[in-house]
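Colleague: I am attaching a structure below and will ask some questions about it afterwards.
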Amino acid sequence: MPFSLADVSRVAHDLWPLSGAEAWDAPGLTSGSLDRPVASIHLAVDAVAGTVDEAIAAGTDLLLVHHPLLLRGLTSVAEDRYKGALLSRLIRADCALLAVHTNADVVTDGVSDILALLLGLTGVQPIVPGGTAHIGLGRVGQLVEPMTLGHLAHVLGRLLPATASGIRVAGDYQAVVRRVALCGGAGDSLLREAQVLGSDVYITSDLRHHPASEAREQARLSVAGTPALIDVSHWASEWLWLDGAAAQLRAALPGVQVTVSDLNTDPWDFVVMP
């Protein structure tokens, strides 16, 4: 059965409802004709030159990304600016562009849920619940067996694709971890949430100096000195979600070819250690 772009958009919004998106977000269809048939979909975290190259080279009908290309307001899509250049290339190649962002973060089997599953957490619940059970920002749960903070960091190193920025940890290497809070992508806005403060460690991305420093200084006032902080690559923490999302699309759109980009779109290329 052939599917149109309108059909695929409806499926995407059933799997990742737009109602779950944060108010500042801009998920949804960015470009493409709704009546155009879709026989193939390529998934990626970012719409960047490399993933657009992949989609166009494969003759893909839809590039579905996690991060919206037009998240911030624009006054121009001229082709001397990279967003305009990318959009123009996709339009000329008849490849539509659709983003599912925070609406894919909050759902069951969403970005944070997948990371919690891969860590084997039990009793998982959102850090910030939404209006429905198991829906909300971030996740918190218990490790099946306690482990040290250092060992947990190494477990994450094996789960996540390698990036130049690696994994940064604030806390005692030998500290015992039982309760884990996490948020795929940038999550320093949740640092003061009760579920985070009540955990042994908080795993997220893009932790800035001042919020991280203040969180650790506050933690030192507690007997346990928790939560410790683990900062991982933003791209890597969200890339883990793509395979599950692809499986959901294949089940909902039988006959449509769904591929996943393994291109590393983390912006950092290398680090220099003093």
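Colleague: With respect to A245, determine if the residue is crowded, with 18+ Cβ neighbours inside 10 Å and at pLDDT 95 or above.
Modeller: Criteria met by A245.
Colleague: Just name the residue that is nearest to V8 (Cα to Cα) out of those in the stretch 39-48 that are among the hydrophobic types (A, V, I, L, M, F, W, C) and not in a loop (DSSP other than H, G, I, E, B).
Modeller: I41
Colleague: Continuing with the same structure: Is it true that W235 is touching a Gly at 6+ places or on another chain (Cβ under 8 Å), crowded, with 20+ Cβ neighbours inside 10 Å and of a type outside the set (A, V, I, L, M)? It would help to see each step written out before you state the result.
Modeller: Numbers: touching a Gly at 6+ places or on another chain (Cβ under 8 Å): no; crowded, with 20+ Cβ neighbours inside 10 Å: yes; of a type outside the set (A, V, I, L, M): yes.
In short, no.
Colleague: Quick one: which helices (runs of 4 or more DSSP H) lie wholly within the stretch 154-270 and hold at least 1 residues that are among the basic types (K, R)?
Modeller: On the way: elements: 194-197, 209-219, 234-239, 241-252.
Where helices (runs of 4 or more DSSP H) fall fully within the stretch 154-270 and carry at least 1 residues being among the basic types (K, R), they are 209-219, 241-252.
Colleague: What is the number of the single condition among (1) modelled with pLDDT of 95 or more; (2) over 16 Å from N103 (Cβ atoms); (3) part of a loop (DSSP other than H, G, I, E, B) that T51 does not meet?
Modeller: Condition (3) is where T51 drops out.
Colleague: Could you count how many residues in the stretch 62-76 are out of contact with any His (no Cβ under 9 Å at 6 or more places or on another chain) and surrounded by 15 or more Cβ atoms within 10 Å (Cβ to Cβ)? I'd like the intermediate steps shown before the answer.
Modeller: Going residue by residue through the stretch 62-76, those that are out of contact with any His (no Cβ under 9 Å at 6 or more places or on another chain) are 69-70, 72-76.
Within this subset, residues satisfying the condition of being surrounded by 15 or more Cβ atoms within 10 Å (Cβ to Cβ) are 69-70.
Qualifying residue count for the region: 2.
Colleague: Can you find, within the stretch 196-213, the residue that is surrounded by the most Cβ atoms within 10 Å (Cβ to Cβ) among those that are among the charged types (D, E, K, R) and touching a residue at least 24 places away in the same chain (Cβ under 8 Å)?
Modeller: Just the residues of the stretch 196-213 that are among the charged types (D, E, K, R), to begin with: 200, 206, 208.
Next cut, touching a residue at least 24 places away in the same chain (Cβ under 8 Å) only: 200, 206.
Numbers: D200: 22, D206: 14.
Applying the filter and picking the extreme gives D200.
Colleague: I've got another one for you. Being polar (S, T, N, Q), out of contact with any Ser or Thr (no Cβ under 7 Å at 6 or more places or on another chain) and farther than 23 Å from A133 by Cα narrows it down to one residue among T60, T30, T102, T51; which is it? Break it down stepwise before answering.
Modeller: Values: T60 fails: out of contact with any Ser or Thr (no Cβ under 7 Å at 6 or more places or on another chain); T102 fails: farther than 23 Å from A133 by Cα; T51 fails: out of contact with any Ser or Thr (no Cβ under 7 Å at 6 or more places or on another chain).
The unique qualifying residue is T30.
Colleague: Going through the stretch 70-84 one residue at a time, which ones are touching a helix residue (DSSP H, G or I) at 6+ places or on another chain (Cβ under 8 Å) and free of Cβ contacts under 8 Å to residues at least 12 places away in the same chain?
Modeller: L74, S76, V77, A78, E79
Colleague: Could you check, for the stretch 125-148, whether at least one of its residues is at pLDDT 95 or above, part of a loop (DSSP other than H, G, I, E, B), closer than 19 Å to L190 by Cα and of a type in the set (V, I, T)?
Modeller: For the stretch 125-148, residues at pLDDT 95 or above, part of a loop (DSSP other than H, G, I, E, B), closer than 19 Å to L190 by Cα and of a type in the set (V, I, T): present.
Colleague: Quickly run through the stretch 105-118 and pick out the residues that are more than 14 Å from T132 (Cα to Cα) and either among the small types (G, A, S) or part of a loop (DSSP other than H, G, I, E, B) (or both).
Modeller: D109, G110, S112, A116
Colleague: Might you check whether a residue that is among the aromatic types (F, W, Y) and part of a loop (DSSP other than H, G, I, E, B) occurs anywhere in the stretch 74-82? Walk me through it before giving the result.
Modeller: So in the stretch 74-82, the residues among the aromatic types (F, W, Y) come out as 82.
Still in the running and part of a loop (DSSP other than H, G, I, E, B): none.
The answer is no; no qualifying residue exists.
Colleague: Determine whether V38 is over 30 Å from V196 (Cβ atoms), touching a Phe, Trp or Tyr at 6+ places or on another chain (Cβ under 7 Å) and not small (G, A, S). Full working, then the answer.
Modeller: Values: over 30 Å from V196 (Cβ atoms): yes; touching a Phe, Trp or Tyr at 6+ places or on another chain (Cβ under 7 Å): yes; not small (G, A, S): yes.
Here the answer is yes, as V38 does meet what is asked.
Colleague: Do we have G187 as among the small types (G, A, S), exposed (fewer than 14 other Cβ atoms within 10 Å of the Cβ) and closer than 22 Å to G120 by Cα here?
Modeller: Values: among the small types (G, A, S): yes; exposed (fewer than 14 other Cβ atoms within 10 Å of the Cβ): no; closer than 22 Å to G120 by Cα: yes.
Answer is no for this residue.
Colleague: Related question: Among (1) in the same structural domain as A26 (by TED's automatic domain parsing); (2) out of contact with any helix residue (DSSP H, G or I) (no Cβ under 6 Å at 6 or more places or on another chain); (3) not β-branched (V, I, T), where does C95 come up short?
Modeller: Looking at each condition in turn, C95 falls short on (2).
Colleague: If you check D35 against the conditions, is it surrounded by fewer than 17 Cβ atoms within 10 Å (Cβ to Cβ), touching a residue at least 24 places away in the same chain (Cβ under 8 Å) and under 20 Å from L253 (Cα atoms)? Please lay out each step first, then the result.
Modeller: On the way: surrounded by fewer than 17 Cβ atoms within 10 Å (Cβ to Cβ): yes; touching a residue at least 24 places away in the same chain (Cβ under 8 Å): yes; under 20 Å from L253 (Cα atoms): yes.
In short, yes.
The values are calculated or read from the model by the stated rules, or taken from the named source; none is laboratory data. Keep in mind the model is a prediction, meaning the values are calculated, not measured. As a convention, Cβ positions derive from the backbone with ideal geometry for all residues, glycine included, and neighbour counts pool all protein chains shown.
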